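Report on the following structure.
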Amino acid sequence: MAFDLQEQEQLDALKAFWSRWGKWIAGAVAGLALAYAGYQGWQYYEKQQSSAAAAVFSQVEASLAKGDLNAVKGVQAKLAEAYPGSAYASRAAFLAARAAFDKGDLAYAKQQLTWVTQHSDEAALKALAHLRLAAVQLDEKRFDAAIAELNQEHPTSFDALFLDLKGDVFVARGDAKSARDAYKAALAKLAGESPNRQFIQTKLDVLGG
């Protein structure tokens, strides 16, 4: 096929350009292709991991339904070890803690709640774990530990619950002034129609607040 002079010059320029830069362009394209393939592969891996974690989580639920705490412990240990970053592991740990509370196994319950606070990516779940841990520490009369738990970072939507429980800890410790301050702060965080408002107000009234 014959080319006119202008076309030939364009072809020669293109050949010269490719001779100089072609390998770099090819490398960049290959790099992008590998990056995309890697991303797709990671997405597939994440999906597979999630499916596998969900399958183990269903075993935790089955054991909970049977009330078999020993089985729950075994399956939860497997889930936490194999898929610690999954949402299923944190949720299973929280459910396992609740089952342990019901069975009176406070040591295991606290262990699982602590695990949630350290591994969960869900702020709300971590906040609930901190609240439960503080409640247990209050029952154990470990007041400083309970306050420390309630001073942990949490979503603002949990402020009233944290302050209310903090008031309970201060009451148990015999610090009426701090308890009143905590209850008043909790009330200030609640909406007017909140069902907890009257409950907290009653506690405040008992303290002469």
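The values are calculated or read from the model by the stated rules, or taken from the named source; none is laboratory data. Fair warning: this is a prediction, and the values are worked out from it, not measured in the lab. Neighbour counts run over all protein chains shown; Cβ positions are idealised from the backbone, glycine included.
Return the residues of the stretch 187-209 that are in a helix (DSSP H, G or I), surrounded by 14 or more Cβ atoms within 10 Å (Cβ to Cβ) and under 29 Å from the mean Cα position of the chain (by Cα); say none if nothing qualifies. I'd like the intermediate steps shown before the answer.
Pass one, the stretch 187-209, residues in a helix (DSSP H, G or I): 187-189, 196-206.
With the extra rule that they be surrounded by 14 or more Cβ atoms within 10 Å (Cβ to Cβ), the set shrinks to 187, 189, 196-197, 200-201, 203-204.
Residues satisfying the conditions are Leu187, Lys189, Asn196, Arg197, Ile200.
Looking at the stretch 68-116, which of the residues that are among the polar types (S, T, N, Q) and assigned to a helix (DSSP H, G or I) is farthest from Ala134 (Cα to Cα)?
Asn70
When you go through Lys141, Lys126, Lys166 one by one, which is the residue that is more than 19 Å from Arg91 (Cβ to Cβ), without any contact (Cβ under 8 Å) to a residue 40 or more places away in the chain, among the basic types (Lys, Arg) and surrounded by 21 or more Cβ atoms within 10 Å (Cβ to Cβ)?
Sole residue among the options that is more than 19 Å from Arg91 (Cβ to Cβ), without any contact (Cβ under 8 Å) to a residue 40 or more places away in the chain, among the basic types (Lys, Arg) and surrounded by 21 or more Cβ atoms within 10 Å (Cβ to Cβ): Lys166.
Picking from Leu79, Leu133, which residue would you name as being touching a helix residue (DSSP H, G or I) at 6+ places or on another chain (Cβ under 6 Å), over 21 Å from Leu165 (Cα atoms) and crowded, with 18+ Cβ neighbours inside 10 Å?
Leu79 is the lone residue from the list that is touching a helix residue (DSSP H, G or I) at 6+ places or on another chain (Cβ under 6 Å), over 21 Å from Leu165 (Cα atoms) and crowded, with 18+ Cβ neighbours inside 10 Å.
Does Leu128 satisfy being under 14 Å from the mean Cα position of the chain (by Cα), aliphatic (A, V, I, L, M) and not assigned by TED's automatic domain parsing to the domain that holds Ala179?
no
Taking Lys184, is it outside the structural domain of Thr114 (by TED's automatic domain parsing), touching a residue at least 24 places away in the same chain (Cβ under 8 Å), surrounded by fewer than 19 Cβ atoms within 10 Å (Cβ to Cβ) and outside any helix (DSSP H, G or I)?
For Lys184, the condition - outside the structural domain of Thr114 (by TED's automatic domain parsing), touching a residue at least 24 places away in the same chain (Cβ under 8 Å), surrounded by fewer than 19 Cβ atoms within 10 Å (Cβ to Cβ) and outside any helix (DSSP H, G or I) - is not met.
Quick one: which residue in Arg197, Arg173 is among the charged types (D, E, K, R), more than 19 Å from Ile147 (Cα to Cα) and without any contact (Cβ under 8 Å) to a residue 40 or more places away in the chain?
The unique qualifying residue is Arg197.
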